[in-house]
Amino acid sequence: MTKKVQKQYNILCDIDDSADVRALNSKQLRELGDDVRSFLIESVAQTGGHFGSNLGVVELTVALHHVFDTPRDRIIWDVGHQAYPHKILTGRKDQFCTIRQKGGLTPFPKRTESKYDAFGVGHSATSISAAIGMERANRDKKNPPYIVAVIGDGALTGGMAFEALNHAGDIESDILVILNDNEMSISPNVGAMHKYLTRLISSKKFQHVRRSSKEILSKKAPTVHEVARRAELSAKGMITPGVLFEELGFGYYGPIDGHDIGALVDVLENIKDIKGPRLLHVITEKGKGYKYAKSDATSLHAVSPFNPKTGEKVEKKRKKSITYTEVFGMWINKRASSDKKLHAITPAMCEGSGLKEFRDKYANRYHDVGIAEQHAVTFAAGLACEGKKPVVTIYSTFLQRAYDQFIHDVAIQDLDVMFAVDRAGIVGPDGATHAGSFDFSFLRCVPRVVIMAPADLNECIQMLDVAYDHKGPTVVRYPRGGGQEYIENNDTPVKMGKGQIVRHGRRIAVLAFGAMVERCLDVADELGTTVVNMRFVKPLDTKLLDTLAKTHDIFVTAEDNSVVGGAGSGINEYVLNANMTVNVKNLGLPDEFTTHGTRDEILDDARLSQEKIMKFIAKL
């Protein structure tokens, strides 16, 4: 599963690890940057993956591996959307054609994949906290490693990042934080004069004079020292945005051009030996070097395979189907037109959650809170307290980050907040960090919460209405991608807490939740089993279970959630407490973290393909 890097990449073909990068001169470093960018474009065009942000950090990545002695020195990439060049330079370029594929390279840094991946990531705003922990663990060593955290400006909207910045400044943690700012073009002050000033401010001589003057002033006249400190901050604030970081206890450097390898190397060499918390502000351009990514940074943030010459997607021949996300988008626009109390909230996932049209039509009721899932949920609670009807649109994997707020701020107060949970179950190539494998389990145990899982697109619309009309916290949980528009015999209107038999059979009743209903229907046709679309994970349709137990010997539950604590566990609990004699078997995701691969590959491994469900039931 490897592909030898072609000789057309003159410098890159000879780079096997970071030691090779450290051996290069200035001219070779620039050539290496060009090679990495070209290789990245050609590779991602074949495999798909995160694109624009990776193009923006090519020079920064080359400079980091040239200046620092990795893997001894630790580079921690926040989120991991920008770690492709890092993978390419650290011995994985020949396997790059396998990224995001089953058995291939992971899409994000992962400690078990490479010694160069200092910390596994997938969610944002974690890098600085991890960096502080590593620095504290190594500070008693005679020659401790350098600790570097690379974080994007978007990730700084996450509260955890500011908690870490506050902590680092308080304890004077000896870390370097690199702020990769790609939300604006390189401004005029990132020119020759500002480059010179940043080099000067970061130089050892300047730092020595600065420390000496502070010591003299603080000893002789504390008030004079404070006046000088404030004067320095005021002067710096006139030309840089670094006052906030200085007040948090960080030495601030920049902003500098993140595509000038020479300047990056010079400044990194200067500041790496300065003690205490430091922040280097680097301005980069998302999609740098590829005009199609630069012109449409949002859609080319993450891409499917495309033609590198035109930027156009390579469309696979398959039947076009509408997605659950699109259905949600249509539903919320229609509902908002008739109910002005509806407010939509997203933690930085407007397009991914189907809210683009809502944002354009109802700007005063659209709230993108940034990568701040905890804030999103409590913000929604505040809206509900004042009589609004908030709809929180959030990916399953990101709802995990706001679990305390879900319980403490919404459920305990029984507030009227609706959650539209997208990307539930298996999402595929992004792997374990993005899988929605646990929402049934961690939501089902919370009192007062209604949890629904649609079996088809038509049912999804009905459930969204039922959830919206219910007074109290509700969850509608649906998978990534398209679904069947309508399942035969699944035509009973959705009523609170009621399931539906969609195939009548004998002896074995398959109790399926959400996306598993369709997979179980062919099994029923082949084996003559009953199939039930349970619809509600909570409350369960216990009357239907009582009826089925009288005519069936075995219940088989099927869900695309962890089998531990999931919807099937709810069936187990009821059967046990009701003293039923029916036997129960559970099908679901195994008690382990999923790998990356296609949705069908992962479900097959979990015995949730149609073929394996059939084999499992046939044995019964």
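The values are calculated or read from the model by the stated rules, or taken from the named source; none is laboratory data. Just so we're clear, the structure is a prediction, and the values are computed from it rather than from any experiment. Counting neighbours? That spans all protein chains shown, and the Cβs are built from the backbone with ideal geometry, glycine included.
Quick notes on this one:
- Condition check for Asp404: within 23 Å of the chain's Cα centre (by Cα), at pLDDT 95 or above and under 30 Å from Gln82 (Cα atoms): yes
- Inside segment 140-163, residues that are part of a loop (DSSP other than H, G, I, E, B) and not acidic (Asp, Glu) make up a count of 8.
- Unique residue being surrounded by fewer than 24 Cβ atoms within 10 Å (Cβ to Cβ), assigned to a loop (DSSP other than H, G, I, E, B), at negative phi and not hydrophobic (A, V, I, L, M, F, W, C) when the list is Gly120, Gly133, Gly103: Gly120
- Any hit, segment 52-69, residues being over 17 Å from Val282 (Cα atoms), free of Cβ contacts under 8 Å to residues at least 60 places away in the same chain and either assigned to a helix (DSSP H, G or I) or touching a helix residue (DSSP H, G or I) at 6+ places or on another chain (Cβ under 6 Å) (or both): no
- Residue in segment 275-288 that is modelled with pLDDT of 75 or more, surrounded by fewer than 17 Cβ atoms within 10 Å (Cβ to Cβ) and either charged (D, E, K, R) or within 25 Å of the chain's Cα centre (by Cα) (or both) present: yes
- Any hit, segment 599-608, residues being surrounded by fewer than 16 Cβ atoms within 10 Å (Cβ to Cβ) and either in contact (Cβ under 8 Å) with a residue 24 or more places away in the chain or in contact with a Gly (Cβ under 8 Å, 6 or more places away or on another chain) (or both): no
- Residue match in segment 428-442 (condition: over 20 Å from the mean Cα position of the chain (by Cα), modelled with pLDDT of 95 or more, in a loop (DSSP other than H, G, I, E, B) and surrounded by fewer than 24 Cβ atoms within 10 Å (Cβ to Cβ)): no
- Some residue of segment 502-516 being under 30 Å from Gln413 (Cα atoms), touching a residue at least 40 places away in the same chain (Cβ under 8 Å), part of a strand (DSSP E or B) and touching a strand residue (DSSP E or B) at 6+ places or on another chain (Cβ under 9 Å): no
- In segment 539-553, the residues that are under 11 Å from Thr581 (Cα atoms) form Cβ pairs under 8 Å with partners that are part of a strand (DSSP E or B), at six or more places apart or across chains, as follows: Ala549/Phe555; His552/Arg507; His552/Ile508; His552/Ala509; His552/Thr530; Asp553/Arg507; Asp553/Ile508; Asp553/Asn583.
- If you go through segment 461-483 and keep only what is without any contact (Cβ under 8 Å) to a residue 60 or more places away in the chain and over 27 Å from Cys385 (Cβ atoms), you end up with just Gln462.
- Residue match in segment 80-90 (condition: farther than 19 Å from Lys288 by Cα and either in contact (Cβ under 8 Å) with a residue 60 or more places away in the chain or surrounded by fewer than 23 Cβ atoms within 10 Å (Cβ to Cβ) (or both)): yes
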